[in-house]
Structure formats: C-alpha cells, structure tokens
Amino acid sequence: MAKSMKERLRMKGFFESGEDGRSGGGEPGWALSFFLGLIHVSLIFDGIIFLPNMIGKATGTPADQVAFVTFATLLVAAFGTFLQAFKPGNLGCGHVLFMGSYSAFLACTLMAVNMGGLPLLATMTLLSAPVVFLYSYFLRFLRHIVTPAIGGVLILLVALSLMPIAIELWQGGDSSQPHFGSSQNYLVGLVTMGVLVIFMLFGSHRLRLWTPLLGIGAGCLTASFLGLLTLEHVRHAPWFGLPEARWPGLALDFQVAWLPLAGAFFIAALVSAMEGTGNIMLLQQISVKGFRKVDYTRIQNGLYADGLAKGLSGLVGGAPVATFCDNIPLLKMTRVTSARVGLMGALILLVLAFMPKVSAFLLNAPSAVIGGMLVPICAMLFYAGFGLVMRSGLSFQMGLILGISLCAGLMAETRNFFPSIMPVEFAPILQNGVAMGGFVAIFFSTLLYLFPRPGMALHLTPTPAAMPTLLERLEKLKTSFRMGDETFLRLRLCCEETFSHLIEYAESSEKKCLFSVRLWEEGVFVEVIIGETVDEIDQGMRPFTGINATEAELDRVGLLILSRMAKDVQHIHISGYTYISFVIELS
C-alpha cells in the first residue's frame, strides 16, 4: 500500500510526530521548521532592518556606518528571537516571536542621529531598556488594566496601522518608483493575495503549510513576467562579509538638551512594551492547544527578553528593537506554532548578518508581492483581535473603550491631526496609531478600574478559624448591595469554596489573603489575592455522578460548583502571586 503524505513527509524530516507543531502536539521536523522560519523571515526582513535603512536614507550617516548598524541590529534580532523561542529561565515567552527594529522609534532615532550621531543613538537605546523591565515587573498591578480585551484592542490597532503600509507596498512601495500605482503592480498584488486567500479558505491542512510559499512564488512569477522583478541588490552584494566600520561607542557626556529626546525614547519603549503585551497574548491564543486564559508569567518573561535585547542593541551599536506581530498570522495560517520555527528563524537571521547577498535577495522581493501578502495578514489580525476582545465579553463600557481607541488610532495614523500645535517630542505617540490608540485604551481602562464602587476589602489568614469572619462580613454586604436571597446564596457559596481551596493549599503559609468584593456593572466582582502559588481553581471539570466519581473528583466538587454558579472564573499567577476572581450575576 502506498505511504500516506504524512508518512512521506516524516521520512524526509518534515514531521517527527503528531499532526502539527502546536503546543501539546508533535514537534515538526527540523527541515519543515527551517522552511517555515525562512518564510517568516522573508516576510518581515525588510521591517527588521527598517530603522537602519531609514538612518541611511534620512541622515548624512556614511554607508559603512549604516552597514554596521544593520549588522548589529540583525545580530540582536537573532539573539532576541532565540531567547523568545528557547525560553532560558525567566527570559522569553516560549513561542515564535521575532524581534527587529520598531517603527515607533523612527522619529526619535532620526533625532538622535542628527543631534549626536550613532553614539547618541546607542546611548538612548540603552537607556530605554529599563522602561520595559519596569513595565514588566509591575505588570501584576496592571492586571485589571492591561486585560486580554485591551490586548485585543492593541492587535486591532496594529491591523489598522498595517493596512496603509500594505496598500502603499501593493502600489509599488514609493511614489518615486517608475511603476508606482501601475496596473502591473495591481496584478502582482492581486495574484499574491488571491492565491493566499484561496488556499487558506479551501486548502487542506497539509497544503496550508505551503500557502505562504505558494503566494510569494505566484507573485514573484507574475512580477518576473511583467518585468518588475529585478536583482539589483543581489548583483552588487558579496556572498560573505563583515561591515568595515567600527563600533560607534556611547555618548557619555549627557547634556540637558537631550532630556526631551530621552523622554521620546522612553515613550517609544513603553509603546513597544504595550504592543509586546498584545503580541504575546495573541501568540498564546494561537499557539496553546485548548487555550483557556492568558498566562501573564509568559508575558512578563517575553518582555524581560525584549528589554534585554533593547539594552544589548544599545551596547553593540544597533537600532532599537522590539517584538514583531506582522508574521504572527502565518502561524495560524500554517497551523505550525512550534518554538522550533522560532529557533530556525533566529539561526537564519544570524546567517543573514554575515551573508549580504542572501539579505539582498530578500530585499529584492517586489513590493507588490509583500503588499498583497500583508492584506490577508491584516484580515487575520482583525479576526484575532476581535477574538481576544469577545473572549472577555463585550460590555457597553468595553465596547465604548474599543470604539474610542480605534478612532484615536485612526486620527494618529493620518499624521495630520493639529500638527502645528503638537510637540515634536511626542511624535512617537501622536503619529503612531498603535501608540495613540493603546494609550487611550489603557487610560480609559484605568479610569474604569479606579472609579469608586461600593464593596469591602478583608485581610484573612487562610485557616478554618477565619471562615466565620468571612461569612459574617458577607452577610453585611447583602443589605448594602440590596442582593436577593438567590444572588447572596451563590455569592456566599462561591466565596466559601474559594476560601476552602486556599485553606487546602496555603494553610501552612503565614501570609494573609485579601478578599475584595465590589459591585460592578456586570454583577458582584470578587477577587482574592495571596502571595503564594495555589493550584488552579479554573481548570475545566467534566460533570460526574456520585456513584462513579473518583476520590480526586470528589475532592474538587466544590470547584465544580464554583464553575457553575459564577462566571468569568479566572486564576492567574504573576510574580509569585495568585489572583483568583469571578463574577456573581445579579438576579
């Protein structure tokens, strides 16, 4: 009998076991990982070296120094991508998350080079790293502000900001190009996008592995037939080489005139951390099999790697780097999300730093091909962003924040919103849709969280002796909240089961837990905080009967009751703290 396609692929090293590379399944073979890593790099390579290219085009920096910045940026991007995939210790998110130069730093990067050359750029890049570390470290205090819904808003803003870029690339990349806006570019982009969409909609699972290559290949063949595919960069680039320029050093003679510039870098670093939070949330939704909730510890670790990469980029003389989301929809498109793809992508970036000719070949890909590929990627980002928003429930308040944030992002993307009165130092926010919309979303999310609501906060030691105190305080809330008997019974029972769970796992601890009960629009919101790692309370449980229940199932019957009587049950761990929350709907 003839071997199946899957068996033939495994024999050639494409698969080792399982159906695909999703977490929890079999790992893809190294050959398939290398191929997919190359596809990812091909899509975002131009973006990874975006800032070095802009330094060369918009400043008087000599070509050899620009080449050094490009070389250093590629090395740091490879190192950061490796950290994210390999996840050594508390560094990296453990997913396929590429790193490279980030457009939010464009304005302040050009200002730094014009004011003090590459040494000043290196110093400001190095100084921006602690901003990301601080944001990540204090992430646990932002858990009610930087929520999955806010992460979804950030992903939607990324999609909005990518669409103008995709349209411009589809037309030819630059209005100065001879074929910009021509029918040839329209046809090339249309063929690329059409092939991608058709195979994504109607292709089998295995065929989707080749969808990116088929789309790029069809677009490049069409471009070659129409005379749009040139190899100018390839002909002049050497196969192997190192930059001739030396390390630019650091500007250590800090001046007061640089303070606004430092502020601009700090703002851009905060923006990159916010977008990185949304990127890792999206990666978890795509990569984790049976995804149920966001793992904030992985977000912290991923941002720590981001901050380390920023600092390293400043030390070696590269451009500011951050996490990339442009290629994340490819993971959903191919359904291979193994960290091996990220490891091979990091290896490819490392090799490209020493092989200018191969890098030039990727740069020679027709702009219309990349533009046509970005359009379905933006569509998938919209889908993923709305998925994160809807997963948390779209209340009226969250819907209003979503709408206002998207409007703010669209206004910023025009880059023409009262330009004469807006300070240049705030360009990283005011002219960046993701930054402006993200700050608006987080601002209103903060206001919503800080808005005073009736309730109580109670510190208790997780022991059986403290249970009567908890129940007594809940009785007092019944009158002040004007709860019905049914609502109060559900609240009491859920709080009792939660506290019993803490007693089981943290009774030996001397740390107290904080019981917070607040009246929200959705109902009665309960949150319990303790500085211990407690066994998951929100694990999915199947119903069972008392006849065939095992002892372990009987021990967790209280959690089953909790999952049925409360909604939005969440259990997260951040920085060694456990946060348990749920909502009791008002009857």
Filter result (in a helix (DSSP H, G or I), aliphatic (A, V, I, L, M) and within 25 Å of the chain's Cα centre (by Cα)) within segment 63-115: A72, L74, L75, V76, A77, A78, L83, A85, A104, L106, A107
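Can you tell me which residue among A305, A309, A268 is at pLDDT 90 or above, surrounded by 24 or more Cβ atoms within 10 Å (Cβ to Cβ) and in contact with a Phe, Trp or Tyr (Cβ under 8 Å, 6 or more places away or on another chain)?
Details: A305 fails: in contact with a Phe, Trp or Tyr (Cβ under 8 Å, 6 or more places away or on another chain); A268 fails: at pLDDT 90 or above.
Result: A309 is the single residue among A305, A309, A268 that is at pLDDT 90 or above, surrounded by 24 or more Cβ atoms within 10 Å (Cβ to Cβ) and in contact with a Phe, Trp or Tyr (Cβ under 8 Å, 6 or more places away or on another chain).
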Just to be sure, is T479 of a type in the set (S, T, N, Q), within 26 Å of M398 (Cα to Cα) and not assigned by the TED database to the domain that holds S395? no
So W258 clears everything in (1) at pLDDT 75 or above; (2) over 30 Å from Q300 (Cβ atoms); (3) assigned to a loop (DSSP other than H, G, I, E, B) except one condition, right? Which one? (3)
Selection within segment 463-510 - of a type in the set (S, T, Y), within 26 Å of E532 (Cβ to Cβ) and open to solvent by less than 30 Å² (accessible area, probe 1.4 Å): T498, S509
Residues V146, V153, V195, V132: which one is outside any helix (DSSP H, G or I) and open to solvent by less than 40 Å² (accessible area, probe 1.4 Å)? V146
Within segment 200-215, can you find the residues that are open to solvent by 70 Å² or more (accessible area, probe 1.4 Å) and either at pLDDT 80 or above or of a type in the set (K, R) (or both)? L201, F202, R206
Note: among G26, G47, just one is in a loop (DSSP other than H, G, I, E, B) and modelled with pLDDT under 85, namely G26
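For residues in segment 451-462 being within 19 Å of E521 (Cα to Cα) and assigned to a loop (DSSP other than H, G, I, E, B), which is most open to solvent (accessible area, probe 1.4 Å)?
First, pick out the residues of segment 451-462 that are within 19 Å of E521 (Cα to Cα): 451-457.
If we keep only those that are assigned to a loop (DSSP other than H, G, I, E, B) too, we end up with 451-454.
Numbers: F451: 133, P452: 103, R453: 55, P454: 73 Å².
The residue in question is F451.
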Within the bounds of segment 216-228, is there any residue that is among the hydroxyl-bearing types (S, T, Y), assigned to a helix (DSSP H, G or I) and open to solvent by 10 Å² or more (accessible area, probe 1.4 Å)? yes
For V76, state whether it is touching a helix residue (DSSP H, G or I) at 6+ places or on another chain (Cβ under 8 Å), buried (at least 24 other Cβ atoms within 10 Å of the Cβ), closer than 29 Å to G217 by Cβ and among the β-branched types (V, I, T). no
In segment 312-332, residue surrounded by the fewest Cβ atoms within 10 Å (Cβ to Cβ) [restricted to those that are in a helix (DSSP H, G or I) and over 17 Å from the mean Cα position of the chain (by Cα)]: L315
Taking segment 337-377 as the search range and keeping residues that are crowded, with 24+ Cβ neighbours inside 10 Å and part of a loop (DSSP other than H, G, I, E, B), which one is modelled with the lowest pLDDT? P366
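The values are calculated or read from the model by the stated rules, or taken from the named source; none is laboratory data. Just so it is clear, the model here is predicted, and its values are computed rather than measured. Backbone-built Cβ (ideal geometry, glycine too); neighbour counts: all protein chains shown. When the accessible area is computed, the model is the full protein with side chains, heavy atoms only, and any ligands, DNA or RNA have been set aside. Shrake-Rupley method; radii C 1.70, N 1.55, O 1.52, S 1.80 Å.
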